[in-house]
Amino acid sequence: MEILDNQLQNNAVGHAYLFIGPKGSGKLKEASDFASKIASQFDIQTYSPEGARGYLAEQIKEIVRSSNLTPIQGDKKVYIIKNAESLGTSGANAFLKTLEEPPDFDVFILLANNLDNVLPTIVSRCQVIKFKQLPTREAIKFVQKESGSDYASAKNAVELYGGDTDSAITLLLNQDMQDFCDEINYTIGQDLNEWEILEKSKDIVSKLKEICDGYKHELEDKAKELDDIVDLSKQNKRAVTAKQTEVMHLFCAVVKQHLMSKVVNNPKYVKSLHAVEQYEAKLAYNISPQNFFDCVLLKVKEL
């Protein structure tokens with residue numbers, strides 16, 4: 001983006017940004033690219049809300065504590081704060097002083113879909129940069145280019161995530177996640193009895209575990225590279241839990257995509273689609289992946 005490039009060239013990078021734009025506008029990729037031009041990979045931290053209702057108080061405390069530590073490499077540290085709408089009043093108040101007067105080496109990039117949903121006290125402390133929704137065809141081509149995938153795969157991923165290009169790219173670059181989706185599609189596409197469905201559900205849970213284990217190892221490798229300079233154990237544990245929930249939402253998206261393709265020919269699928277959405281709402285609470293997958297798959301089987 002031109003405004004950010006100009007700031008880099010003129011050595012005028014700000015201390016707090018708010019990137020506003022709908023899913024599929026590419027704001028996360030822009031934030032990641034901008035961050036990589038400012039700081040080393042060891043000094044870039046990305047946060048997502050880990051609580052059912054938004055950011056946990058402990059997460060905010062971690063950010064505030066970490067913000068006072070000097071960079072590991074280079075001159076800057078960057079914090080990418082996803083879903084800034086989920087910074088509730090109590091969490092935001094603890095964060096506001098740091099956001100307003102951070103150390104010279106800190107840069108905060110907050111991401112949100114809608115400006116109206118972000119606390120005014122946060123907005124007033126940031127440079128607001130707006131992103132537009134990419135037209136569907138452009139979004140598909142963008143995902144295709146960034147992921148190296150064919151057009152059909154990029155189109156399917158974009159549709160699966162409702163136009164969210166960042167998530168679509170992540171999916172296409174992760175073979176374990178693609179295998180997870182394939183396992184789901186195979187299961188709901190076959191004429192299986194209840195026992196067979198429950199057995200396939202176990203396979204889907206195994207795929208979920210592979211994804212989470214791989215993510216956990218990535219976090220552990222990063223912690224080792226940091227040579228125990230910071231203790232990331234609690235943060236990493238919560239991050240893996242958040243990843244599991246994220247992938248369970250992906251499971252729901254794949255199932256709903258399948259059902260939507262059937263709705264036109266069979267109105268009964270609407271009822272099943274509604275049931276899946278009700279089950280998905282329960283992901284805000286602690287729920288067993290095995291029980292969750294069993295219930296959803298058996299509900300779809302009722303048709």
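Quick one: grab the alpha carbon gyration tensor of region 1-122, order the square roots of its eigenvalues as a ≥ b ≥ c, and give me rounded if a/c is under 1.5, else prolate or oblate depending on whether a/b is larger than b/c. Oblate shape, in that a/c is at least 1.5 and b/c is the bigger or equal ratio. Maximal additional length on extending the Q73-S36 stretch stands at 12.1 nm, based on 0.36 nm per residue less the C-alpha distance. What do you get for the angle between helix 136-147 and the principal long axis of the chain? Use alpha-carbon atoms, 0 to 90 degrees, nearest ten. So the inclination is approximately 80 degrees.
Per-residue SASA remark: D166, around 30 Å² accessible (1.4 Å probe; ligands, DNA and RNA not included). I need the shape label for the chain. Rule: rounded when a/c is under 1.5, else prolate if a/b > b/c, else oblate, with a, b, c from the alpha carbon gyration tensor. Taking the square roots of the gyration eigenvalues as a ≥ b ≥ c, the chain is prolate. Solvent-accessible surface of the chain, taken per residue with a 1.4 Å probe and all protein chains present: 53 Å².
In this structure, the amide hydrogen of F108, modeled 1.01 Å from its nitrogen in the peptide plane, lies closer than 5 angstrom to those of A16, Y17, Y79, counting only residues at least 5 positions away or on a different chain. So which trypsin sites (Lys or Arg not before Pro) in region 46-110 pass both tests, a DSSP loop state and at most 10 other Cβ atoms within 10 Å of the Cβ? Of the trypsin sites (Lys or Arg not before Pro), the ones in loops of region 46-110 whose Cβ has at most 10 other Cβ atoms within 10 Å are R53. For H249, the solvent-accessible surface computed with a 1.4 Å probe is close to 70 Å², ligands and nucleic acids excluded.
What's the carbon and sulfur percent of region 5-46's accessible surface, probe 1.4 angstrom, rounded to a whole number? Taking all protein chains in place, region 5-46 shows 42 percent carbon and sulfur surface. Across the chain, Cα pairs under 8 Å and at least six residues apart give a relative contact order of 18 percent. Once both labels are positioned 7 Å from their Cα atoms along Cα-to-Cβ, the gap between T136 and E210 label points is 3.1 nm.
The values are calculated or read from the model by the stated rules, or taken from the named source; none is laboratory data. What you see is a predicted model; the values in this text were computed from it and never measured. Here Cβ is always computed from backbone atoms with ideal geometry, including for glycine, and neighbour counts include all displayed protein chains. With ligands, DNA and RNA removed, areas are computed over all heavy atoms of the protein, side chains included. Shrake-Rupley method; radii C 1.70, N 1.55, O 1.52, S 1.80 Å.
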